[in-house]
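Accompanying notes for the structure given below.
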Amino acid sequence: MKFFVDSADLDKIKQVADLGLADGVTTNPSLASKQNKPFKQILDEICAIVDGPISAEVTAVDFNGMMEQGRKLSKFHKNIVVKLPCTEAGLKATKALKKEKIPVNMTLVFSTNQALLAAKAGAAFVSPFVGRLDDIGEDGMKVVEEILQVYKNFNFDTQVLVASVRNTEHVLKSALLGAHVCTCPPEIILELVKHHKTDEGLKKFLDDWAKKGEKI
Ligand code: E4P
């Protein structure tokens, strides 16, 4: 499973990339708006750090606007993946951008049927928002499981990118289900490293070694 960093914060993306755990990055308008820099500069800086798919979302909601912004964003760097919302205009633009060889990440996906349409439109990635589904009392990971099954049934090559990840359990379930990608806030990726028994074991090893009084 690939890890994407769900952030527009350069320092945090770099921290994950330095661990070799950033296979790509996802941004959205809310994440980008937290950074006090022009969007192009944010994307340029991310592309210089991570050599993998970098999702950049359009803000247009009509077909022509999505096409114009999608083409513009894709020219910023070869790794840019255009993020489009799962709407009628978004599906139409996904198909049209694919014809121009511009990859799309279909975002704001909340149902298996939406994911089916995204794959039929030719999206490179589909982003089910598991945390926001959990928030409304639904089971986000169940939707991921269904999408993976449907894609397998019809041999779709759209990659399932688990999004709106809120905890390490979402990551574990994504891996168990065989999701292609999990995009996580940097804090969650860093939390995966930790286990109290690792800290405890390391302390014991170092204490015992200190008693031996030798240097390696
Ligand atoms: C994914 O691409 C989105 O940017 C993100 O995962 C949304 O997460 P949120 O529901 O925590 O805002």
*Selection within region 11-42 - within 16 Å of the ligand (Cβ to nearest atom) and among the hydrophobic types (A, V, I, L, M, F, W, C)*: Ile13, Val16, Ala22, Val25, Leu31, Ala32, Phe39, Ile42
*Which condition number in (1) buried (at least 17 other Cβ atoms within 10 Å of the Cβ); (2) more than 17 Å from Cys184 (Cβ to Cβ) is the one that Val25 fails?*
(2)
*Among the residues of region 113-143 satisfying the criterion of being within 12 Å of the ligand (Cβ to nearest atom), buried (at least 18 other Cβ atoms within 10 Å of the Cβ) and among the β-branched types (Val, Ile, Thr), which is farthest from Thr26 (Cα to Cα)?*
Val130
*Given the conditions (1) within 30 Å of Phe63 (Cβ to Cβ); (2) in contact (Cβ under 8 Å) with a residue 60 or more places away in the chain; (3) touching a helix residue (DSSP H, G or I) at 6+ places or on another chain (Cβ under 7 Å), report the number of the one that Val160 does not fulfil.*
(2)
*Of the conditions (1) within 15 Å of the ligand (Cβ to nearest atom); (2) assigned to a helix (DSSP H, G or I); (3) over 18 Å from Asp157 (Cα atoms), Leu108 fails just one. Which one is it?*
(2)
*Determine which single condition Leu133 fails, assuming it passes every other condition in (1) of a type outside the set (Gly, Ala, Ser); (2) under 13 Å from Thr158 (Cα atoms); (3) out of contact with any strand residue (DSSP E or B) (no Cβ under 7 Å at 6 or more places or on another chain).*
(2)
*Any idea which of Leu172, Leu177 is closer than 14 Å to Lys2 by Cα, without any contact (Cβ under 8 Å) to a residue 60 or more places away in the chain and touching an Asp or Glu at 6+ places or on another chain (Cβ under 6 Å)?*
Leu177
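Any read-out appearing in this document is the output of simple, stated calculations on the displayed coordinates, not a laboratory observation. Predicted model, so just to flag it, every value in this text is computed and none were measured. Please note: Cβ atoms are built from the backbone with ideal geometry, for glycine as well, and neighbour counts cover all protein chains shown.
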